[in-house]
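Please treat every number below as a calculation from the coordinates, not as lab data. Being a predicted model, the structure only gives us computed values, none of them experimental. Note: ideal-geometry Cβ built from the backbone for every residue, glycine included; neighbour counts use all protein chains shown.
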Amino acid sequence: MVSLAFHDLVLDHTNNSSGWDKEQHPGKIAVLEHALAECKKDGVTLVIAAGNDGELRTLDSLIPQTYGTDNRFEMITVGGVDQTGKYYAHTVQGMEGQGGQVDVYADAVQVVGAKHDDKDDSTAPVDGTSAAAPAIVSIQQYLQPSTRR
């Protein structure tokens, strides 16, 4: 069982690079809504990757991305750009009048990240909004350091 005790952690910002189709997983919605409400109550902002299925879906079809425009929760949705600042075409976008919106964009193409292998210093370039979101949560934490220590 996954613990949803976010309020016990000493942090004000957290990153989530996952999401799921809300039509296929309706049972998860209530659990996630409770966790997101607890986060907001405790002053924790969730920074979430928009997703990389932009050709197939919009943010209103994904959980938790659809909550980006919901005032019940504190979320920042991150889309992607390449090194020249051009839009990363795979970023899932919101549709006007529907749930979810991309709040900010960050580098999502050939982002150097840790590589999981036997070497402690291994890195590899990766693409996607899951590579973009950690940059935003890091900047947010730097600009708004935790008051809970």
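Overall, the chain carries a charge dipole of about 320 debye about its Cα centre when +1 sits on the Cβ of Lys and Arg and -1 on the Cβ of Asp and Glu, all other atoms neutral.
Give the relative contact order (percent, whole number) for the chain; include only Cα pairs under 8 Å separated by 6+ residues. After rounding, I find 25 percent. In terms of the Cα gyration tensor, with a ≥ b ≥ c the square roots of its eigenvalues, is segment 58-149 rounded because a/c is under 1.5, prolate because a/b exceeds b/c, or oblate? Because a/c hits 1.5 or more and a/b fails to exceed b/c, segment 58-149 counts as oblate.
Computed from the Cα positions only, the extents of segment 90-143 along the three principal axes stand at 48, 28, 14 Å, in decreasing order. Shape of segment 1-138 from its Cα gyration tensor (a ≥ b ≥ c, root eigenvalues): rounded if a/c is under 1.5, otherwise prolate when a/b > b/c, or oblate? It comes out oblate by the Cα gyration axes.
Among beta bridges from DSSP that stay inside segment 14-143, the antiparallel ones total about 40%.
Candidate cross-link partners of K22 among the lysines, defined by an alpha-carbon separation under 29 Å and a same-chain spacing of 8 or more, comprise K40, K41.
When ranked by the protection proxy of mean other Cβ atoms within 10 Å per residue, highest first, what sequence do the peptides 20-28, 46-54, 83-91 form? Show your work: numbers first, answer last.
Values: 20-28: 11.4, 46-54: 24.8, 83-91: 13.7.
Ranking, from highest mean packing down: 46-54, 83-91, 20-28.
Near the amide H of V102, within less than 5 Å, lie the amide hydrogens of G94, all on another chain or at least 5 residues away, with H placed in the peptide plane.
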